[in-house]
Structures are given as structure tokens and as C-alpha cells.
1. Under the rule that a partner needs its Cβ under 4.7 Å from the first Cβ, which Cys of the chain have none?
2. In what sequence, largest accessible area first, do ILE453, ILE59 appear using a 1.4 Å probe?
3. If each residue of separation counts as 0.36 nm, what is the full-extension length gain between SER16 and VAL90 once their alpha-carbon separation is subtracted?
4. Express in % the proportion of alpha carbon pairs of the range 389-508 at distances exceeding 24 Å.
5. Packing-wise, with mean Cβ within 10 Å as the measure, how do 206-212, 179-185, 35-41 rank, highest first?
6. Just to be sure I understand: if I project the alpha-carbon convex hull of the range 80-181 onto a plane and average over all orientations, what area do I get in nm²?
7. Hey, if you put +1 on the Cβ of every Lys and Arg and -1 on every Asp and Glu Cβ in the chain, which of SER195, GLY92, ALA243 ends up farthest toward the positive end of that dipole?
8. Taking a probe of 1.4 angstrom, what is the accessible area of VAL324 in Å², to the nearest 10?
Amino acid sequence: MSTEALLASGSGGAASPQRVSIDEALSQHAGEFGRWQLRHFVVVSAAWALEALHTMVIIFADREPAMWCPAGDGRCGDQCAGAASGWEWVQGSASSTVAEWGLVCGERYKVGLAQSIFFVGCMIGAGVFGHLSDSFLGRKGALQLACIFNAVFGLLTALAPNYWVYAALRFLTGFSTSSVGLCSFILANEPIGPSYRGVVAMSTFYFFSGGIAILAGIAAMVQSSWRLLYVVTSLPSLLFVVAILPFVSESPRWYLVRRRADDALRVLRDIATTNGKSIPDEVMLKLDDGDVGDKAQETSPSSSGSILDVFRSRTTRTRLLLCVVINLFCAVVYYGLSLNVVNLKTNLYVSVLANSLAEMPAFLLTALILNRFGRKPLAIGTMLLSGSFCIAGSFMAGDGAIRFVRMACGVVGIFGMAATYNLLFIYSAELFPTAVRNVALGCIAQATQLGAILAPMVVVLGEQVPFAVFGVSGTIGGLLVFYLPETMNQPMYDTMAGLEEGEKTLLN
């Protein structure tokens, strides 16, 4: 061999570039779920507790306190006239919005109206922040903005001079609140490898239930002032922005689809180092539809997506429409059954605490069997379980022992739908590529909020009709899941082109 050939072979000793996807980089080099992902997941998922505080605070701030007659029984006039007839609120007029603004009798509808207005804000905000999260703001930026808005609008709500200003501020709070959970869910789960993603993602919802439990404790300690309650529940969002988010990394998947491969690889190397692993120098990241070029390509069509991109593809269009309807039915049943349970004649604070804790076994059971049976069979099974027990409950009327059987049907219905509600978050996220994931989930979240708006209207229909509506909704939703593909152990695609190519491969 010539000297030149030996030099050439020696200089060529450097390994050729190894182009891998993010899922491959996690599973082969950085680790799918190590110390880095655990810390990141816990810190980011804590934002779900913030969403619970802002969503459920209305239960306590808008409660109707007890009234009493200082002059003695029978000596006060019509309770609807309040103080004018001699009646006083047991905990004072500052204890709730109902007491302060007299939202009783003919004005009672305003309590439900404020709740619906909040969820209308959630429905609109989910789409807006879903798009922002996929575009230039990123997952972390969108979460930061949503938390800031929550803190500001929550604190301003405590200063509301009248009901209509209060309702407007609840709308603005809802606009940002629904996006806190959405953005934190995506940010927390995108750095996790495919083998652990489903089970870990199911653990997200313990934070929401935990937030409700914490809220019940806070509300029990500040029963005398609904304004102070809004202040106490708003400040944690500000603390989260200042003390936690600056130390959170942006999603490497978002970096990659924005054509910032160096930043994505930097995060992955940080993951590997913390997990006690390493990524070889020759590793390069790639998108599903090819390699990542230089930063001049940041405006590439694959770098971000819109709802129009979702509808251009028959695959994602069909998936989105199915997910919208399924999640709508799920929300009607979940929120509707939750309202029926809260209406038990027991201590309000204990009831809310018990309800939040009752959902946790559903999360645990689903997490334990998620990777054994897959997303699709579980979604079908839990929705049909809930639907069948609700239908059974619709045939049970009357008092006595039968009411306990009807209550049991409702509890099983909530158990099944709580499992479905949280499973659909994971399932829906895995059905769409990174480029349009948050846009698609934003639309799905809007459908969920619409279901939340409709649920109270169903509850007021009487004793048996709500159970029938919940049963039919759960059954239809479960049957529609049959038309969705299974995503267990399937890759999370980065681009629309990658998804289409992957679907062709599966069909061939």
C-alpha cells in the first residue's frame, strides 16, 4: 500500500455521521427516562396544580353560604330579599360572590353563567396558545405567558367591583388557564423515550387532582373572604414563572422542527450527561422527512404548522375530527358526573377533597396496564364501562336503597371516564406529529371545553335524563375510538411528511 493510501486511511479514521431521530437518540444513547427526565417531568407537571387552582376556585368563591335570622325564627321576611328582610350571611357578605352580590333566587343563574363564561375563555385560549406553542414562542414560552396571564387576571379578579367585571375577568383567566395544562403536558413528555412515554404521561394527572386537594385545604382556611382566596390561588402562578421556569429546558423536539438542530442536540447531551450516559460525537439529529440543514432553513414548512396543515392531510384530518368528537363526549360525561357527585348533601370542602382523591385509582390502574393492552383498547373499554353504568343508572329512580345503587353507577361511571379523560391526552398527543401537535391538541382542548360548558346544562334536566345522556355519550365515544389507530410503541413523528411516509410503510 502506498504512503498516500496509508495517510488517507489514517485520516479517515473519524466515524461517519450517524443520523438518528430524537426517539432513537433517547433509546440508544441519552436514556429514555432517567434522572433528567424525572426531574424535568415533576417540575413542569407541577403547572397542572396551578390549572386546578384557577379552574376549581369558583366552587368555593361562588358557593352559597348559609343565612340566619338575627331576630329569631319566623321573624324575618323573604330570604330572597336578603338584608332588606332581616337575613344575614353566617360568614359575612365577603365570604363569597353570592353573598356579596346577592346571587340568589332569580339571580342564581349568574353563578352558572360565570362558570360557562370561564370555559368559553378556555375554549378560545386553547386554540390560540396551541398555535403559539408550535410557532415561535415554543412550549416553554407559551407556558410562561399563560402563567403570567393567569397570575395577573387572577389577582385582578380579587379586585372586581361588580359581577360583570368579575365574569369578564373569569373569561380572561379561562383564556390562559386551559393552556397551562396543555403546554406543560407537551413540554414534560416530549423528552421522554417511547417505551416510558405512555406510563409516565399518565402520572401527569395526579398533579391536577393534587391541585384540587390543595385548593380544598386553602379554601377551608380562607372561608371568610373570596377575594383573599383569589389572591392566594393566583400567587403560585407568579412564583412558578419566577422561581421554576427559568431553570426548565425547551423541548428538543420543538428545537428540531424549528431547524435548530444544535440546540436540540445540546439538550439531548445534557439529558445524557445527567443520566450517566453519553452521545457519540458523530451523532446528528434528523427529522422524519430528512436531515436538518443550517439555520437558514428555519422558515422551512416543516418548522411549524397550522390547523390548515392538519386538514390538508387526510390522515390527520380524520384523526382530528374523531378526537374532537370523542373528547367532547368524554368531557360531557366527566364534568357532568362530577357535578352530580358534588351535589351530595355533605361538607363542601370534604366532598371536593374526596372527589379529587377518588380519581387517583383510575389513573393508577390505567398506568399499570397501559403498555400491556395499548391506548386504543383501554380507551374503548373505559368509555364503554362508563357508558354502560350510566345507562343502567338512568333506569333507576326513586328513594331508598335504589338511590345508593344509582350513586354506585355514577361512581363507576366517574372512575371509567376519569381514566378515559386522562388517557385521551396521551393518545391524542401521539396521533399527531410534532410540527402540528399543539395546534391539534389545542383544537381537541377546545372541544373538551365545549363539553364542560354543556355538562351543567345536562345536569339540570332532572334525575334520570342526565344519566341517559351520559350513557349514550360514553357509548358513542367508545365506539368511535375503534376508528383510531393504535400508537403504543409507535414512533412520535416530527413532520407531516414523516407521518404520511410512516403510514404508507404500515399499510404496505
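1. Those would be CYS122, CYS147, CYS183, CYS323, CYS330, CYS390, CYS409, CYS443, since no other cysteine Cβ in the chain comes under 4.7 Å of theirs.
2. Values: ILE453 15, ILE59 50 Å².
Sorted descending by solvent-accessible area, the residues read ILE59, ILE453.
3. On the way: separation 74, 0.36 × 74 = 26.64 nm, distance 7.72 nm.
Length gained between SER16 and VAL90: 18.9 nm.
4. On the way: 3035 of 7140 pairs.
Here the tail beyond 24 Å accounts for 43 percent of pairs.
5. Numbers: 206-212: 21.3, 179-185: 28.3, 35-41: 18.7.
The packing order, highest mean first, is 179-185, 206-212, 35-41.
6. Values: hull surface 28.2 nm².
Mean projected area of the Cα convex hull: 7.0 nm².
7. The residue sitting most towards the positive pole is GLY92.
8. It works out to around 40 Å².
The values are calculated or read from the model by the stated rules, or taken from the named source; none is laboratory data. Computed from a predicted model, the values in this text were never measured in an experiment. Cβ: placed from backbone, ideal geometry, glycine included. Neighbour counts: every protein chain shown. The accessibility values were calculated without ligands, DNA or RNA, using every heavy atom of the protein model including side chains. Shrake-Rupley method; radii C 1.70, N 1.55, O 1.52, S 1.80 Å.
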